[in-house]
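Just so it is clear, none of the values below were taken in a lab; they were calculated from the coordinates. In this text the structure is predicted, and so the values were computed from the model without any measurement. FYI the Cβ positions are ideal-geometry reconstructions off the backbone, even for glycines, and counts take in every protein chain you see.
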Ligand code: SAH
């Protein structure tokens, strides 16, 4: 199998320094499963290409890896494995190009972070349709992907399963190598090694700085850690960026209590809100509800007790809140508990687990997101997940004037990034509905004041198709 890396532009042969391999020589290394060679088909001042060729030795492979795994049939390797890029290539990158992968260059350290005009070419890689584009496009590569004929000598046999893949971008070499290290084995799901905890650590190390925010993060992790659901879930949980609400990890209890008193005694505002939303959801008699930013699951527990809705899914970015919810669920009878699924995730990433529900709820969640993330949330909820009904609640800022303990202009909770007036919420709700094929009605939540309105507000969206 072959990987070609080309550097174009002035001082193209800097590539040799970075790879720690002199362009004039062939560099050969023995690996557990075969031999890796690095050589330079071209090494001119304006264009320099390094080739990493990995020759897999099927017999050696069966001896070295197969024995440990209870024996792999040699037949598995009498196919396209030896030449299609796969997990072998990642091992070779880390063994043979490890200094470049890890961003070290003793002689010319300034080159490590220097963006270079790079092209990577994988003459053969197996991948699901469209996957190379989905993985490399978001990382800023120009992607060229061509399905190869099964056998060029017999065009009538049609296309095979392999692609030729070319990636172009101006970026430091080490980034390109890290992307390839993770994404090549994700594209080709066969793994020649046992996927264990070390692989999870490698994935997190090589994915640092880019994987957490990749729109296909979960897909990549699951494919990289193939057949190891537990490890994949752990990786995803560890990858979810801390700043996406981890500060919001305070529990909803605290939030409810933190709501400033009006001097009157009534059921807490939070209970009123949750009751209102639960009632509206129950009236729809849905099959499945997802509570986005569920916190400790107050809405879910209400729905569990008061309705027969068969599937209730809670999602939150705060693992602390979810642990609390899990501990409460453990105390319920199994038949009840089995109706609830708890998911760790962030609302600002497209997540296939959010698709296919009848109803989504966002109770006091919006105002915990930075305003510049709202647009992404809108896409995730209304375009991607697109449930038939969405209920969104948020504080009404105008009402804050009635809270005796709030400074003028102050927000109700330390993690709130903003609070909206009635008009602002109306405007947002109408724009989102119009943009995504929903109709919406906004209504007050809680007792209304003649000038300041109700303490909270709810938008009820319904998909129009
Ligand atoms: N809906 C719950 C909790 C409201 S508090 C209730 O009404 O009781 C706000 C919740 O939003 C917190 O649990 C916080 O962890 C969660 N949150 C904040 N940002 C998030 C994000 N990007 N994705 C998912 N949840 C998020």
Between the helical axis of 269-284 and the dominant principal axis of the chain, each derived from Cα atoms, what acute angle in degrees is found, rounded to the nearest 10? 80
Can you tell me the Rg and Dmax of the stretch 269-463, counting just the alpha carbons, in angstroms? 16.3, 49
What is the helix-to-structure angle for 197-206, meaning the angle in degrees between its Cα long axis and the longest Cα principal axis of the chain, kept from 0 to 90 and rounded to the nearest 10? 90
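Want the number for residue 22 to residue 99: 0.36 nm per residue separation, take away the alpha-carbon distance, what's left? Please list the in-between numbers first.
Details: separation 77, 0.36 × 77 = 27.72 nm, distance 1.38 nm.
Stretched out fully, the residue 22 to residue 99 stretch lengthens by 26.3 nm.
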Go through 154-165, 326-337, 227-238 and give me the packing order, highest mean Cβ count within 10 Å leading. 227-238, 154-165, 326-337
Let me understand the stretch 361-416 better: what is its radius of gyration from the alpha carbons, and its Dmax, in angstrom? 13.9, 41
Virtual spin-label span in nm between residue 434 and residue 406, 7 Å along Cα→Cβ: 2.8
At a Förster radius of 35 Å, what calculated FRET efficiency corresponds to the Cβ-Cβ distance of residue 137 and residue 319, to the nearest 0.05? 0.70
What helix-only [θ] at 222 nm does the chain give? Using -39500 (n - 2.57) per DSSP H run of at least 4, over all residues, to the nearest 500, the answer is -8500 deg cm²/dmol
Tell me the angle of helix 319-330 to the major Cα principal axis of the chain, expressed in degrees between 0 and 90 and rounded to the nearest ten. 70
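If you take every DSSP beta bridge whose two residues both sit in the chain, what share of them, in percent to the nearest 5, is antiparallel? Show your work: numbers first, answer last.
On the way: 57 of 77 bridges.
That works out to approximately 75 percent antiparallel.
Sorted by packing (mean other beta-carbon atoms within 10 Å per residue), highest first, where do 284-297, 393-406, 430-443 land? Write out the running numbers ahead of the final one.
Details: 284-297: 22.2, 393-406: 18.7, 430-443: 15.4.
Descending mean neighbour count gives 284-297, 393-406, 430-443.
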Test of understanding: ordering 22, 357 by Cβ neighbours within 10 Å, fewest first, what list do you get? 22, 357
Between residue 376 and residue 308, what is the spin-label point distance in nm, taking each point 7 Å from the Cα along the Cα→C-beta axis? 4.1
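Please figure out what share of the DSSP beta bridges in the stretch 269-463 is antiparallel and state it in percent, rounded to the nearest 5. Mind dumping the intermediate values first?
Working: 16 of 35 bridges.
About 45 percent, rounded to the nearest 5.
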If all Cα-Cα distances of the chain are sorted into 10 Å bins from 0 onward, what percent lands in each bin, rounded to whole numbers? 4, 17, 23, 19, 15, 13, 7, 2, 0
Expressed in nanometres to one decimal, the distance between label points 7 Å along Cα→Cβ at residue 42 and residue 110 is 2.7
Residues residue 415 and residue 449, FRET efficiency given R0 of 30 Å [Cβ-Cβ distance, rounded to 0.05]: 0.75
